[in-house]
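Worksheet: one structure, shown below.
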Amino acid sequence: MKLESLIDKAAQFDEVTVAIAAAEDEDVLEAVQAAISRELARFLLFGNKEKIEEMIEVKFPNIVGNERIKIVHTPTNQLATERAVKAVSLNEANVLMKGNVPTATLLKAVLNKDFGLRTGNVLSHVAVFEVPDFDRFIFVTDAAMNIAPDLGQKVQIIHNSVQIARRIGIERPLVAPIAAVEVVNANMPATTDAALLTQMNRRGQIKDCLIDGPLALDNAISISAAEHKGIDSEVAGRADILFVPTIEVGNALYKSLTYFAKAKVGAVIAGATAPIVLTSRSDSAESKLYSLAVAICSANHEIR
């Protein structure tokens, strides 16, 4: 499957509004231009109005004065972030997007007790990959937020990723808890937690998906590898969601897919009251556009 299909899917929904914190960033504005050209969304751009207008005029003149853009001047990044979060909290926008502001600043505002986007659930990073020569999307979670989640947090992280998968059209995603081996080993917590998550799913405690693990990465994504090891499972070789046990595993897998496999990616933070596009400064404008498409698909599900 192609991430381009998610852009087409997002364009079919009711138009949403995206609030961008500290929008004076070239790659972000390039993604805004691309989104506007595809009629994906409207944008509230919070930040230094003079800088934003200058960047648009010099780099993206075809969206100067576009009715889908409203620039709201805020003198500091912190204020820009707070105003963007408040816009989502007050239903003036449906998606929050990180601009030229540190992640810590954005998350501090998101978690603010007075105006933030807290739900009481775990926030987690969900990445959707288009991997060359694969016939399906590969989801990776959590590569950016939760360092070493406990069992309860793992349940919520899986729930977040399942909801994102369902909102982009995968009705019953297959979830593989990743470990180094396929058997339960008391000395390897990733395997014991994987077995518990599998059993919780079978007993209906984790819904809307099928979980089976522990599975090593090769057995999660390759049917031939799973058959070679004699693994009889609906998930093995067919996994949609690769659930990693720690942030180090997720981070390495994420970057391996992008740098070695040349995979394309869109990612969001799930678990808040609205989707959050929290891309890295090193992410391309194309990746930011794909992330917007994932967020818009999710946001439309929420507002319906």
(Q) For the stretch 242-299: of the residues being open to solvent by 20 Å² or more (accessible area, probe 1.4 Å) and of a type in the set (K, R), which is modelled with the lowest pLDDT? (A) R281
Q | Positions within the stretch 88-107 being farther than 23 Å from G266 by Cα and not hydroxyl-bearing (S, T, Y), in sequence order | A | L90, N91, E92
Q) Would you say V72 is within 23 Å of the chain's Cα centre (by Cα) and either over 27 Å from R38 (Cβ atoms) or in contact (Cβ under 8 Å) with a residue 24 or more places away in the chain (or both)? A) no
Q) So which residues in the stretch 12-24 are surrounded by fewer than 24 Cβ atoms within 10 Å (Cβ to Cβ), in contact (Cβ under 8 Å) with a residue 40 or more places away in the chain and over 19 Å from the mean Cα position of the chain (by Cα), if there are any at all? A) D14
(Q) Within the stretch 203-220, does at least one residue satisfy the condition of being open to solvent by 60 Å² or more (accessible area, probe 1.4 Å), part of a helix (DSSP H, G or I), of a type in the set (K, R) and free of Cβ contacts under 8 Å to residues at least 40 places away in the same chain? (A) no
Q: Go through (1) over 18 Å from K70 (Cα atoms); (2) open to solvent by less than 30 Å² (accessible area, probe 1.4 Å) and name the single condition K9 misses.
A: (2)
Q. When the stretch 259-280 is examined, which residues are found to be without any contact (Cβ under 8 Å) to a residue 60 or more places away in the chain and either among the β-branched types (V, I, T) or assigned to a loop (DSSP other than H, G, I, E, B) (or both)?
A. F260, S280
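The values are calculated or read from the model by the stated rules, or taken from the named source; none is laboratory data. Quick caveat, the model's predicted, so the values are computed rather than measured. Cβ coordinates were reconstructed from backbone atoms using ideal geometry, including for glycine residues, and neighbour counts include every protein chain displayed. Side chains included, ligands, DNA and RNA excluded: accessible areas come from the protein's heavy atoms. Shrake-Rupley method; radii C 1.70, N 1.55, O 1.52, S 1.80 Å.
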